[in-house]
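To start, the structure under review is shown below, and the notes come after it.
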Amino acid sequence: MKRPTEQAIISRAIKSGPVPNLKQLDPRKWKGDKLTTGQRVCLFAYKHLKVPEGKDVGKPLLLDPWQVAFVLAVFDNKVHTRKAIASVARRNGKTFVVAAILLAYIVGPLAVSNSVVASAALSREQAALCFRLMSLMLQQSPTLDGLYRIVPSSKRIIGLRRNVEYVSLAADAKTGHGKSLRILLIDEAGQFVEGDNEYLSMLRSSQGSYDDARLFIISTQAPADGSFLSLEIDASIRESMPNVVTHLYAADPDCDLMDVQQQYYANPGLGKYRSVSDLQEQIKDAIALPAKLPGVMNLLMNMRCSLDSVFISPEVWKSNGGQPDLDVFRRAPLVTMGLDLSIINDLTVAVLAAKDDETGDVHLLPFSFSPLGGIRERSLRDRVPYDEWARTGVLYAPPGDTLNYDMIAQHLRVKLEGMDIRVDKVMFDRFRIDVFKAACQREGFAQDAEFIECGQGFVTMGKLIDLFETALLERRIRHGLHPILNLGAASAIVESDNVGNRRLTKKKSANKIDGIIATLMACKPILENSEVTFDVEALIG
């Protein structure tokens, strides 16, 4: 395979936001006085910044075509780019383009008086990298002398002309977290395992004072679908918002890692920032030593390759995405409901399950609930579009700031009666079940159903997880790619006890897993009844 063209590599990576002119990505060829904002940023880097280290040290910082394309997409957008995401494999010049952009805000053409610019990372070591690179660039750039002051002790840079302050923030540091930030970079965002945490919430809220705030998220991909970066990338692709720019340079899932095209798709700086021979040597080593393979796939090919014990692989889950058939629920001898009740202002999920005796497939029908009051705030907090799902009918959002179990029971009764579906068994975790059962009595829902507690411990869930995994591998689950179930499947993490039993853990999961827990409980009676049993006496003869 030959190397793909730069235009092909870049155009393939653009997932959201405008597409710049890919035939004019060399700043040295731009002429005239009517330059765009993006062009001024690139020319600022070329005319005023020097390469601080490596084989080209001291030369003008000429951004690579993929870097130029990202800058132009962000700054020449017809609408204000609120969020800009660039994901590329390690050692492809991510920090160079980040440093150029931030310095344009500190001492360059984008500087705004008395504003604060920040880069944030998970650790102090990671946070210090961007500061160090910018400091070296400034110290080697004579045209910028007298325009800045570097404070190494606090990792700050002051743009003297407009009093712009740059600060370096880290999750494990205790200082600098109270500032109002106009420009924020989250560096190596793939290192954040959770979909959200206190530090990320603080960073997002710090930009609330500015109408023209801008968030940059730069990183190699996170290993798991439920991580902060993965959720941000997936949301930008799914929602395709014009004010969000996303460029994702990644190899295809299940590709041949030695395919040269795939290597360039993930490494647009290959041959300049990263050695071709070094990359191919590391890939060969990983193929020969499979223990190295996940790291190479994630870091060098920018693929989502889980390094943790994720419950369900995305490929297996998607292969079970057939639409459920309501007639199966009407004619099945057993219809079960798994119920995962939440605290009063969070997400509650009920999932119905029924088996098609003709095909053996288990069909799933989910219902989800979250109170209407504060739904926008919870959407921002959890990075999950509850508000959009409420508008489109994915979930039911009853009025009020808390969940009213009577309204949930009434909603289920009306919906299922309208579908002519009964419920034979309700599988539940004990949390607030007495309150819900009382609501069912008042609203006349599931009056003839048997309520059965389903423990969440290792022994009970371990066997159920095994059965559900087997059904998934045999393509016997039909979940219809429902968003609530997709969220749970992408976020669920499995933990094991000392004898190998497994259960799902909410503590380690990156996001809401209520949908998948309700699914497991709903499937419990059906999958256990589907196990193959043997007549021992008949076998003996």
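Please treat every number below as a calculation from the coordinates, not as lab data. Quick caveat, the model's predicted, so the values are computed rather than measured. Don't worry about glycine lacking a Cβ; one is built from the backbone with ideal geometry, like all the others, and counts go over all protein chains shown.
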Inset, instruction - Taking the Cα centre of the range 210-321 as origin, work out the dipole magnitude from +1 charges on Lys and Arg Cβ and -1 charges on Asp and Glu Cβ, in debye rounded to 20. - result: 180 debye
Inset, instruction - Arrange E188, E165, E495 by Cβ neighbour counts within 10 Å, fewest through most, would you? - result: E495, E165, E188
Legend entry - Estimated vicinal HN-Hα couplings, Hz - the range 245-253 in sequence order (Karplus 6.51, -1.76, 1.60; Gly, Pro = x): 9, 10, 10, 10, 9, 8, 6, 6, x
Legend entry - Distance-filtered residues of the range 50-84 - backbone nitrogen under 19 Å, label point 7 angstrom along K29 Cα→Cβ: 61-73
Inset, instruction - May I ask which of K15/K415; K355/K437; K55/K78; K47/K272; K23/K78 have a Cα-Cα span longer than 30 Å here? - result: K15/K415; K55/K78
Legend entry - Value in Å of the Kirkwood radius, where the range 314-529 supplies the Cα pairs that are averaged: 17.4 Å
Inset, instruction - Note the full-extension length gain between R156 and N529 as 0.36 nm times their separation in residues minus their Cα-Cα distance, in nm to one decimal. - result: 127.9 nm
Legend entry - Extension gain, R124 back to K284 (0.36 nm per residue minus Cα-Cα distance, nm): 54.3 nm
Inset, instruction - Could you list K355, K59 in order of exposure, starting from the residue whose Cβ has the fewest other Cβ atoms within 10 Å? - result: K59, K355
Legend entry - Gain in span if fully extended, Q323 to T5, counting 0.36 nm per residue against the direct Cα distance: 110.5 nm
Legend entry - the range 80-197 - percent relative contact order, Cα under 8 Å, separation 6 or more: 33 percent
Inset, instruction - Might you report the magnitude of the Cβ-based charge dipole of the range 15-101 about its Cα centre, with Lys and Arg at +1 and Asp and Glu at -1, to the nearest 20 debye? - result: 100 debye
Inset, instruction - Compute the signed sum of charges (Lys and Arg +1, Asp and Glu -1) over the other residues within less than 12 Å, Cβ to Cβ, of A438. - result: 0
Inset, instruction - Kindly provide the helix-only [θ] at 222 nm of the chain, computed as the sum of -39,500 (n - 2.57) over DSSP H runs of four or more divided by all residues, to the nearest 500 deg cm²/dmol? - result: -11000 deg cm²/dmol
Legend entry - Cα→Cβ-extended label distance, 7 Å offset, between I344 and T505, nm: 3.1 nm
Legend entry - Dipole in debye (nearest 20) - the range 8-253, about Cα centre, beta carbon charges: Lys, Arg +1; Asp, Glu -1: 960 debye
